[in-house]
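Following: one structure in structure tokens, then a few remarks.
The values are calculated or read from the model by the stated rules, or taken from the named source; none is laboratory data. These numbers were taken from a predicted model, which means no experiment stands behind them. Reconstructed Cβ throughout: ideal geometry from the backbone, glycine too, with neighbour counts over all protein chains shown. For accessibility, only protein heavy atoms count, side chains too; no ligands or nucleic acids. Shrake-Rupley method; radii C 1.70, N 1.55, O 1.52, S 1.80 Å.
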Amino acid sequence: MAIGVISIGAHLPERVVSNREIAAWANTTEQWVAERTGILERRYAADDEATSDLALPAARAALQAAGPEAKDRLAALIVATCTPDHPQPSTAAVVQAGLGLPALPAFDVNAVCSGFLYALTIAKALLDGQPGQNALVVGADVFSRIMDRGDRKTVSLFGDGAGAVVLGPVPEGYGIHGSTLLANGELHDYVKVAAGGSRTPLDERARGAGEHLFRMDGRAVRDYAMTTLHKVVGQTLAECGARLEDVDRFVFHQANTRLLESFAVEAGIGRDKVALTAPSLGNTAGASVPLTLHHTNRTRPLERGERVLLASIGGGMTAGATLLTWY
């Protein structure tokens with residue numbers, strides 16, 4: 001048997017943050033935010049909600065959709081996040097406890113916005129050779145906690161959310177055909193939260209300097225994204241013996257609407273094939289790919305035999321792509 005996505009779950013916090021709020025925080029205009037990013041609103045977690053509080057309902061929804069025996073067959077739980085509940089233990093351990101799961105491998109993956117595809121690829125590898133077993137992969141982030149609300153170039157982009165999938169056995173010819181993962185560590189300064197780790201403690205000085213907040217070199221990240229998306233998409237298709245025109249649906253990490261529109265034009269991808277959640281959810285980082293997969297399936301249900309390509313760019317700098325056939 002092959003390994004494929006057998007169910008999807010998602011969860012969004014209730015609070016909707018409009019461009020009007022963003023404009024007031026960042027001393028800009030609603031028009032600037034909409035024109036530059038194509039994002040109209042995003043969701044923020046409540047003050048008492050941590051990443052695991054978003055991850056848990058998404059995970060439960062995916063498990064419920066997979067059927068009554070899915071939970072009993074779990075061989076691994078992986079949470080992709082770069083905004084964990086705590087520096088330690090892992091958010092996956094918190095989610096494992098919340099789900100009432102028995103002893104099994106449970107761990108976090110941090111590849112920033114590429115984390116979900118890293119986790120998906122690892123989960124598939126863990127399931128290869130384990131007939132009848134499932135894996136639960138969750139992408140969840142709460143970027144609202146690390147936003148500098150005065151920085152219009154970043155606060156306009158990010159939102160919070162969680163998405164999850166259950167991987168399991170599907171008939172040969174379906175499921176995941178191949179993946180590409182990469183990192184260009186020499187570019188790690190493009191995206192960062194400087195304080196809070198072992199190099200720069202989160203002390204009074206660091207807070208005063210704003211080093212506990214998210215920083216991004218927007219132009220450099222955009223250039224990297226446009227170049228590297230072509231690379232990982234092309235490499236994945238080539239390794240799977242497929243062409244761009246063979247793909248029925250593209251689910252990209254939702255960096256921002258304008259970037260995705262530009263990439264689709266450059267790559268020659270029809271707009272109708274590109275799933276979009278950026279206008280209503282913004283960039284939800286590790287949650288972006290599973291949330292967008294969940295949204296496109298609800299909007300226009302995936303049909304058996306559809307070829308779906310997932311791709312992302314993240315801090316590090318990282319990138320990933322996965323080609324699958326839906327079952």
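In table form, for the structure just shown:
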read-out	value
For region 89-228, convex hull volume per residue from C-alpha positions, Å³	159 Å³
Built amide H within the under 5 Å cut-off of G150, gap 5+	none
Volume in Å³ per residue [convex hull over Cα atoms, computed for region 42-125]	112 Å³
Under-5 Å amide H pairs with G4, H placed in peptide plane, nonlocal only	G168, V170, I176
Kirkwood Rh (inverse of mean 1/r, distinct Cα pairs), region 1-140, angstrom	16.6 Å
Burial ranking of peptide ranges 264-274, 279-289 (average Cβ count within 10 Å, highest at the top)	279-289, 264-274
Portion, in percent, of the accessible area of the chain that falls on carbon or sulfur, probe 1.4 Å	48 percent
Simple label model, 7 Å out from Cα along Cβ direction - R258 to R271, nm	1.7 nm
Kyte-Doolittle mean at least 1.0 and Cα axial length at least 20 Å: DSSP H helices in the chain	none
Listed peptides 240-250, 7-17 by packing density, highest first (mean Cβ within 10 Å)	7-17, 240-250
Kirkwood-Stokes translational diffusion coefficient of region 137-204, alpha-carbon pairs, 37 °C, 0.692 mPa s, µm²/s	202 µm²/s
Difference of contour (0.36 nm per residue) and Cα-Cα distance, A220 to D189	10.1 nm
Shape category assigned to region 1-65 from the gyration tensor of Cα positions, a/c cut at 1.5	oblate
Reciprocal mean inverse distance between Cα atoms of the chain - Kirkwood radius, Å	19.6 Å
Entries in K124/K153; K192/K231; K124/K273; K124/K231 that, when Cα-Cα distance is taken, lie over 30 Å	K124/K153
Spacing of the two label points (7 Å from each Cα toward its C-beta) at A209 and A103, in nm	4.5 nm
Solvent-accessible heavy-atom area per residue, rounded to whole Å², over the chain at 1.4 Å	43 Å²
For T318, distant residues with modelled amide H under 5 Å away	N184
Shape of region 217-327, Cα gyration tensor, a/c cut at 1.5	oblate
Protection proxy ranking of 309-318, 117-126, 226-235 - average other beta-carbon atoms within 10 Å, highest first	309-318, 117-126, 226-235
3J(HN,Hα) from dihedral phi, region 314-327, Karplus parametrisation 6.51/-1.76/1.60, rounded to Hz, x for glycine, proline	x, x, x, 7, 10, 7, x, 8, 9, 10, 9, 10, 6, 10
Rg to Rh quotient for region 86-157, alpha carbon positions, Kirkwood Rh	1.08
